[in-house]
Amino acid sequence: MKKALLLVLALIWVAMVLGCGGTADDISQESDPGLDEIVETVEGVVEEVAGNEEDMEYEHLHDQFVALIDYFSNQGLNVEDVYEVEYQDMIGSAHAMALRLEGGYLEFYLYDPATAEEETLSKLEKARSTGVFQDLEVSVNGNLMLMHFEHPALEEVIDVFMTY
């Protein structure tokens, strides 16, 4: 997301330069070495973003989430998009992500037994057997929790998740 924003800003900057009748090459030929550095940085960012579009959306994710996404894909599920979940602290998880998967939205939470509070670990253990965490339907596999929502392929996703 940050790289995409940087790419947009870089493109706006280049458009402004071109709109003033110059080119990026004209600017880099001027005597200001600081400007040359900016032009090189912008060109480098544009190349980096263009070359790493697939990596960009996963770079902020915990390795276990990346492996789970790969597992879903290898099992034939269509992973359409990945979102950050910013309220993971409210339920005591160490990491969180949301996926648009098989046409529906699902949230996943990763718990770290070394840092989670005892009460949270107790709720997680209870959820493992009851399928309920803080009044929400969930599936728990190891230290990963899948929070259920209305989803067109929920049973299939749960089956694959539980075999991960």
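Just so it is clear, none of the values below were taken in a lab; they were calculated from the coordinates. Note that this is a predicted model, so its numbers are computed, not measured. As a convention, Cβ positions derive from the backbone with ideal geometry for all residues, glycine included, and neighbour counts pool all protein chains shown.
For residue 137, the residues whose modelled amide H falls within less than 5 Å of its own, excluding neighbours fewer than 5 places apart on the same chain, are 148. Ordered by the number of other Cβ atoms lying within 10 Å of each residue's own Cβ, fewest first, 115, 120 fall into the sequence 115, 120.
The charge dipole of the range 63-162, taken about its Cα centre with unit charges on the Cβ atoms of Lys, Arg (+1), Asp and Glu (-1) only, comes to about 220 debye.
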